[in-house]
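Report on the following structure.
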Amino acid sequence: MEDAHRLAHADLNTVMQTSRRRWPARAAMQLLSVDQDFEAQQRIRRVAAESGVDVILCGDGAEGLFRIGRADPDLVLLRAGLPVLDATAVVTVVRRHAAVPVVLGIGQGQTELAGPALLAGVSEVLSYPYRDRDLYMVISQYLRDADSRRTEQAVVAVGQVELNGLTFEVKVAGEPVTLPLRQFDILRYLLVHTGVVVSLDQIREHLWLVRGDDVTTNTIKLHISRLRGRLVDALVVVNVRGVGYRAVPIDPDPV
């Protein structure tokens, strides 16, 4: 039995390493729930649907781990005391390969399972059976973060400027341009908000304060000034006096 358990872990590790790369990107956020209780799963399905989230339902830990590797969900909801593979074993394998948030449902008499699961990498613990209010809160919190991560990793193309958030590559008029990390972040933020004026305070909050750093507005202005020099004839960063900055693409073939 112990050998079979190790073999299952080895096979599932292989799935986590290989199958995640083969599946195409999807538009909707995706939640994967592992729970052997049918009524609980239907409640999760209903709440997720009302939140505009796709759901994958699994009945045991081994199936859940396999599906996590294949589907690459944005959020995993595990119930403590799963059959086949328990929640701690699932999280231990997941954490070797993915940073997906994992929320653990702890029922009455299962509090001793919370400690090992948190040490293994569980993101948060919820009381089980789940309440609708708690499910809405978790979905809103973690899938909003997932949406932000997707935006950061997306390929953004505006006019002659293309930015790849996954490979940290920038092309201007088809030619690669090397940017320091802070200028890369500012460019991405401006491109995502093309045509919209963003303030220095917004840039500071979203690119510095959110990471626990701080910066002066003069430093941000200096980064933007240097960024402009690398985007000549492809993108104009307009200074709207007293308000902020707006990215405006340049038409390479004006009529």
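Distances between placed amide hydrogens fall under 5 Å for I56 paired with L31, L32, S33, all partners being 5 or more residues away or on another chain. Sequentially through segment 85-94, phi angles give Karplus couplings (6.51, -1.76, 1.60; θ = phi - 60°) of 10, 6, 4, 5, 5, 4, 5, 4, 6, 4 Hz, Gly and Pro residues having no value and appearing as x. Phi angles of segment 126-139 translate, via the Karplus equation with coefficients 6.51, -1.76, 1.60 and θ = phi - 60°, into HN-Hα couplings of 10, 6, 10, x, 5, 9, 3, 4, 5, 5, 4, 5, 5, 4 Hz per residue; Gly and Pro are given as x. In this structure the amide hydrogen of V236, modeled in the peptide plane, comes within under 5 Å of the amide hydrogens of V248, I250, none closer than 5 places in sequence on its chain. Distance between the pseudo-spin-label points of V232 and N164 (7 Å out from Cα toward the beta carbon): 2.6 nm.
Residues in segment 242-251 carry Karplus couplings, in order, of x, 10, x, 10, 9, 8, 10, x, 9, 6 Hz; the curve used is 6.51 cos²θ - 1.76 cosθ + 1.60 with θ = phi - 60°, and Gly or Pro positions show x. For V155, put the label point 7 Å out on the Cα→Cβ axis and report which residues of segment 172-210 keep their amide N under 12 Å from it. Within reach of a label on V155, which here means backbone N under 12 Å from a point 7 Å along Cα→Cβ, segment 172-210 contributes nothing. Cα centroid separation, segment 90-139 to segment 34-59: 15 Å.
Here, each number is a calculation from the coordinates, and none is a lab measurement. Note that the structure is a prediction, hence the values are computed from the model and not measured. Backbone-built Cβ (ideal geometry, glycine too); neighbour counts: all protein chains shown.
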